[in-house]
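The structure appears right after this line, and notes come after that.
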Amino acid sequence: MTSFTRCYQDILYTRPGCGEGGDRPRVGARMAWGTVDVDEQRVRFVVCASRREKTMEALCREFQVSRPTGYAWLRRYQVGGLVAVAERSRRPRHSPARTPVGIEQRVVELRQQRPDWGARKLQFVLEQEGVDLPVITVHRILVRHGLVRPQDRHRAATKRFERGAPNELWQMDFKSPVGWDAPVGPLSLLDDHSRYAVTLEGTWSTRAEAVRECLEAAFTQSGVPEAMLMDHGTPWWNMRAMTGWTWLTVWLMKQGIRMHFSGYRHPQTQGKVERFHGTLEAAMRRRGTPAGEERQAWLDAFRYEYNHVRPHEALGMRTPASVWSRSAKRYQPNPPAWEYEVGAEVRKLHAEGQLYLEGRRWEISRALAGEWVELIRVEGRILVYYCRSLVRELDPLSQRSTAVDRWLSGPDPEV
């Protein structure tokens with residue numbers, strides 16, 4: 001049994017080897033490029049199923065999905081690769097039960113009369129008028145007519161998810177620069193399980209060097225998390241790069257940290273750190289915004305109060321500090337080279353982050369120039385991993401290369 005099937009609960013599949021293959025380089029024809037958001041559970045399942053190490057029944061039981069779902073994932077990958085097993089929209093193709101025009105217009109009129117009323121209050125008024133509409137329907141009507149601010153367009157989650165133990169996942173983000181007299185607000189690191197604020201530091205810049213110094217201090221004092229979640233922002237993401245990764249991203253991966261990136265324009269993916277920033281902003285309004293050299297001292301005092309004094313409802317009125325504990329995973333200033341599993345197919349990328357394979361040149365990632373990657377061959381395609389992260393899928397037959405924009409994690413729907 002491989003470490004893949006044994007540790008399927010991990011956030012990202014870990015394939016701990018060494019050795020270099022050696023096709024002679026030759027520049028191939030033009031290749032098609034694409035990006036995709038990948039559900040990690042589905043990729044792990046497809047790899048295991050294609051290797052036929054277990055029966056489909058046993059594999060579905062291990063991954064906690066039905067057999068029809070397991071067969072559907074495998075068929076989709078066989079036909080279309082990563083793109084085919086990516087998360088699909090659940091929006092119906094047709095809307096036979098769409099709200100009548102007259103009722104929809106009444107919702108719009110009520111909103112225009114009461115622009116500060118939300119969907120719940122408008123639903124109450126409609127109910128008094130004899131119109132029975134679900135709150136979500138009222139909200140969607142308002143969105144369709146441009147009557148909801150972009151920051152208010154996302155419904156609150158009906159179910160909260162959190163990691164099962166401290167340091168399984170840290171969320172990272174910059175606070176808005178408003179009120180800080182700087183290009184960017186303080187940098188926050190928040191433990192997903194305990195809500196413990198690991199770091200609240202004013203770098204006052206998105207320079208990668210400043211962020212790395214801040215992270216090194218956090219890792220030295222608090223240990224290293226299993227995974228981190230951040231948005232598609234500077235300095236851990238480069239919108240102009242083919243994979244988006246930067247040298248800071250690669251540095252974090254070398255610490256054995258699994259990397260997750262939130263959805264574009266979906267701040268609710270990082271809901272805990274966003275709520276933390278909301279609490280910080282409320283404190284600024286009540287207590288006043290610190291100025292100049294007082295800023296960091298103010299942040300330190302707030303962080304201490306948030307972690308050690310302020311009770312948290314989601315924690316049963318306990319404090320984050322009473323739930324959190326230091327990570328046992330130590331920071332390594334000079335981490336050793338990543339060890340892939342013995343017998344794995346491993347290749348070294350060239351100076352421009354390219355891979356020469358089967359007579360063709362494949363662009364992988366400039367941020368990974370000179371690094372070793374692992375190749376996993378599945379159903380005629382090749383999955384390229386760096387440390388614990390899937391970087392690309394290569395399809396030699398169609399000459400298509402698909403970059404993984406982000407890993408989707410958390411509870412997985414069946415289809």
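Got a number for residues in region 127-146 being part of a loop (DSSP other than H, G, I, E, B) and either hydrophobic (A, V, I, L, M, F, W, C) or under 33 Å from the mean Cα position of the chain (by Cα) (or both)? Step through it out loud before you land on a result.
Going residue by residue through region 127-146, those that are part of a loop (DSSP other than H, G, I, E, B) are 129-134, 145-146.
Of the ones still in play, those that are also either hydrophobic (A, V, I, L, M, F, W, C) or under 33 Å from the mean Cα position of the chain (by Cα) (or both) are 131, 133-134, 145-146.
Counting residues in region 127-146 that are part of a loop (DSSP other than H, G, I, E, B) and either hydrophobic (A, V, I, L, M, F, W, C) or under 33 Å from the mean Cα position of the chain (by Cα) (or both) gives 5.
Consider region 107-135 and keep the residues that are of a type in the set (S, T, N, Q) and exposed (fewer than 15 other Cβ atoms within 10 Å of the Cβ). The one that is nearest to VAL148 (Cα to Cα) is GLN112. Looking at VAL415, VAL404, VAL391, can you tell me which residue is at pLDDT 85 or above and either within 22 Å of GLY80 (Cβ to Cβ) or buried (at least 20 other Cβ atoms within 10 Å of the Cβ) (or both)? The conditions single out VAL391.
Please determine whether any residue of region 156-169 is in contact with a Lys or Arg (Cβ under 6 Å, 6 or more places away or on another chain), surrounded by 10 or more Cβ atoms within 10 Å (Cβ to Cβ), farther than 30 Å from PRO290 by Cα and modelled with pLDDT under 80. No, region 156-169 contains no residue that is in contact with a Lys or Arg (Cβ under 6 Å, 6 or more places away or on another chain), surrounded by 10 or more Cβ atoms within 10 Å (Cβ to Cβ), farther than 30 Å from PRO290 by Cα and modelled with pLDDT under 80.
For every residue, the table says whether it meets (1) among the hydroxyl-bearing types (Ser, Thr, Tyr); (2) assigned to a helix (DSSP H, G or I); (3) over 30 Å from VAL43 (Cα atoms); (4) modelled with pLDDT of 85 or more.
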residue	(1), (2), (3), (4)
ARG93	no, no, no, no
THR99	yes, no, yes, no
VAL107	no, yes, yes, yes
ARG111	no, yes, yes, yes
ASP116	no, no, yes, no
LYS121	no, yes, yes, no
VAL125	no, yes, yes, yes
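From the list VAL184, VAL211, VAL198, exactly one residue is within 24 Å of THR289 (Cβ to Cβ), assigned to a helix (DSSP H, G or I) and either under 19 Å from the mean Cα position of the chain (by Cα) or not basic (Lys, Arg) (or both). Which is it? Don't jump to the end; show me each part of the working.
Numbers: VAL184 fails: assigned to a helix (DSSP H, G or I); VAL198 fails: assigned to a helix (DSSP H, G or I).
Selected residue: VAL211, the only one of VAL184, VAL211, VAL198 that is within 24 Å of THR289 (Cβ to Cβ), assigned to a helix (DSSP H, G or I) and either under 19 Å from the mean Cα position of the chain (by Cα) or not basic (Lys, Arg) (or both).
Taken over region 224-251, residues that are surrounded by fewer than 23 Cβ atoms within 10 Å (Cβ to Cβ) and assigned to a helix (DSSP H, G or I) amount to 4. Among all residue pairs at least 6 apart or on different chains, which show Cβ distances below 9 Å where the first residue, located in region 395-409, is at positive phi and the second is modelled with pLDDT under 85 and not in a strand (DSSP E or B)? The qualifying pairs are GLN399/GLY28; GLN399/ALA29; GLN399/ARG30; GLN399/MET31.
On the given criteria, is TRP324 of a type in the set (A, V, I, L, M, F, W, C) and modelled with pLDDT of 95 or more? Yes; evaluated as a whole, the condition is true for this residue.
The values are calculated or read from the model by the stated rules, or taken from the named source; none is laboratory data. Everything quoted here is computed from the prediction, not taken from an experiment. Glycine also receives a Cβ, built like all others from the backbone with ideal geometry; neighbour counts cover every protein chain displayed.
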